[in-house]
Each structure stands twice: as C-alpha cells, then as structure tokens.
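For reference, the structure is listed below as structure tokens.
The values are calculated or read from the model by the stated rules, or taken from the named source; none is laboratory data. All figures in this text were calculated on a predicted structure; none of them were measured in a lab. As a convention, Cβ positions derive from the backbone with ideal geometry for all residues, glycine included, and neighbour counts pool all protein chains shown. Accessible surface is based on the protein model in full, side chains and every heavy atom, while ligands, DNA and RNA are left aside. Shrake-Rupley method; radii C 1.70, N 1.55, O 1.52, S 1.80 Å.
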Amino acid sequence: MGILSGAYGIWESVYNPHFNYGEIAIIKSLAGLNNYKLSVKEWGEKTNAIGLKATTGRYGGTYAHPDIVFEFGMWISSQYPHRRH
C-alpha cells in the first residue's frame, strides 16, 4: 500500500477535491489480510479516485495519469527514470 498512501495520495490531494481519504484507512486495514482483493475499478468507486481508471470492452484496460505511472515505476525500481527515453 506504499504507493497508494505516498505519492499517489499526494497526487489525488492536489488534483482531486472529491478524493475519499476516509476509505483509504479502511482499505489499509484490510490490505494485510490474505483474502482481501481490490480491483482498480473498486478502488475508483470507493475512493472517488481520478488518477487510475479501469474500463471494459474492446479497447478496455487500466489507465493511469503519466505522473502516477512514473511514481509507480520509481516505487518498483529506483533505476526506472534512467531507462526512460
């Protein structure tokens, strides 16, 4: 849950006045359970997030704002920006 409470939470606080911070506390408390699952679609519905979006259908997929993609890459590997061209 590090990326969700860190850079992504800050991004949502800057760009989304309707973000539901109360729900993050609930999600964090459940995240440690082995049987807890949360899809991007459920995340968006529960928190009113705008930075991540999941769509269905022929051209569906999971989409993120470029700022969030970059921060996620840094969270996975500190070498991420060095491989960007």
Fraction of accessible area attributable to carbon and sulfur, the chain (%, probe 1.4 Å): 56 percent
Computed E for Trp75/Leu33 - FRET, C-beta separation, R0 25 angstrom, nearest 0.05: 0.70
Sequence-distant aspartates and glutamates (8 or more away, or on other chains) whose Cα lies within less than 18 Å of Lys28: Glu12, Glu42, Glu45
Rounded accessible area per residue of the chain, 1.4 Å, Å²: 72 Å²
Residue of Gly22, Gly61, Gly51 that the Gaussian network model of the chain assigns the largest fluctuation, springs spanning Cα pairs under 10 Å: Gly61
Overall form of the chain per C-alpha gyration tensor (a/c, 1.5; a/b vs b/c): rounded
Debye, to nearest 20: dipole size of the chain, +1 on Lys, Arg Cβ, -1 on Asp, Glu Cβ: 280 debye
Simple spin-label estimate for Arg58 and Val40 in nanometres, 7 Å along Cα-Cβ: 2.0 nm
Estimated [θ] at 222 nm from DSSP helical runs (n ≥ 4, -39500 (n - 2.57)) normalised by residues in the chain, nearest 500: -14000 deg cm²/dmol
